[in-house]
């Protein structure tokens, strides 16, 4: 009896081991999304998982299915999930491709030069007024020239990029800025100096739009944008220090622009080299984007961007931000000299403290924003900046005002990177360059119009008007930020 049972058990176990079970096939590589800065590969779809069932209704046939967007579908429960995921985000990093680290460095150096350009007038305006024998209202015309350059660049940034490619487009922007520095170095008549600011604004608008789109399409884009715009703060720190040292030594104020001209020459070479093969690395994706964009027409794409609520609100937001930032930087020295009786050779360094705060804020606080959420974080930053700006206005002490001004810069620093990240998330891939070009151009023109208006008002009522102008612009920022829609999840 026992031997027969044992024989039966052995036979059953042997039959069980002999059966073949079909295991799920290993999934192949996922199909990555297409982004403007990602080298593309041949698309590979996942093979559907196959299961062998013991019932008679099992089948190895797979059902054709459409590609779905992982971000736009809520994950199902284990019982509901019967289909594999098709796509995941695939953003490039600093080493993927390897040239990206040089491209990011190039964008940072371009912003250093922009910071050197924008921060210097705060320390140089008193000497320009004395040299040309002009007042606040006339010297403010340099800001108007800058604004016109930004505005004129807006309709052409994307068209230039399509025809020349990013490398030659950035080279063109650096050449424009280099040519714009020459009248300063030669101490040309003031009308020519004001006109040269047009070239500076035109070139800066182009490099800013290209840099924003490139950094926004990298992994950890808020941090990358923080590095790029933090470099602007580095230039803002160095600019007033060098400018004050030059004029204090008895040299002509215009010699400062030899430094910026050297930066423009270096950036022309380095930027062209780092972005030279950018379109080749993108493969056919860039060509498809350009073909689709061209089929729509350049002006139609521009009009489409103008119709975007994100673009309009973004332009107003950056207009107010840049207006407040440059107004504070450009007129705080004149305020300390006229209202607080400060010495020009001493208070000239206060602007560097403001830009140091902006730099530290962009490098150190920008990564925090991605954890808290950019939308909420900006509310705290702008409200805090308005409070400390009131202290700069109401506390009659130069040291206390210098400290408060540095805190204002610290809080304003992360605002631009956070805003740029939100704007690019709300724009489709085709709209990014034209949309960010409009935001950068018309928005950054606030960095010219607001200081010019402040100069006119200062001529009439006094330099204290800088503070209510800045606080009013902070309020406009909060209103735009409240109306701005939350960042959507792209489906392309």
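Of the residues examined, residue 171 is not one that is modelled with pLDDT of 85 or more, in a loop (DSSP other than H, G, I, E, B) and either surrounded by fewer than 24 Cβ atoms within 10 Å (Cβ to Cβ) or within 23 Å of the chain's Cα centre (by Cα) (or both).
Being surrounded by fewer than 19 Cβ atoms within 10 Å (Cβ to Cβ) and under 10 Å from residue 202 (Cα atoms) is true of residue 152. A count restricted to region 97-123 and to residues that are in contact (Cβ under 8 Å) with a residue 12 or more places away in the chain and out of contact with any helix residue (DSSP H, G or I) (no Cβ under 8 Å at 6 or more places or on another chain) stands at 1. Failed condition for residue 155, given (1) at pLDDT below 85; (2) in a helix (DSSP H, G or I), with all others met? In the conditions (1) at pLDDT below 85; (2) in a helix (DSSP H, G or I), residue 155 misses (2) alone. On the given criteria, is residue 235 touching a residue at least 60 places away in the same chain (Cβ under 8 Å) and within 21 Å of residue 143 (Cα to Cα)? Taking the combined requirement at face value, the residue satisfies it. Can you find even one residue in region 291-301 that is at pLDDT 90 or above, over 25 Å from residue 347 (Cα atoms), surrounded by fewer than 15 Cβ atoms within 10 Å (Cβ to Cβ) and touching a helix residue (DSSP H, G or I) at 6+ places or on another chain (Cβ under 9 Å)? No - not one qualifying residue is present in region 291-301.
The values are calculated or read from the model by the stated rules, or taken from the named source; none is laboratory data. As the structure is a computational prediction, the values presented were derived from the model and not from experiment. When we count neighbours, we look across all protein chains shown, and the Cβ atoms used for this are built from the backbone with ideal geometry, even at glycine.
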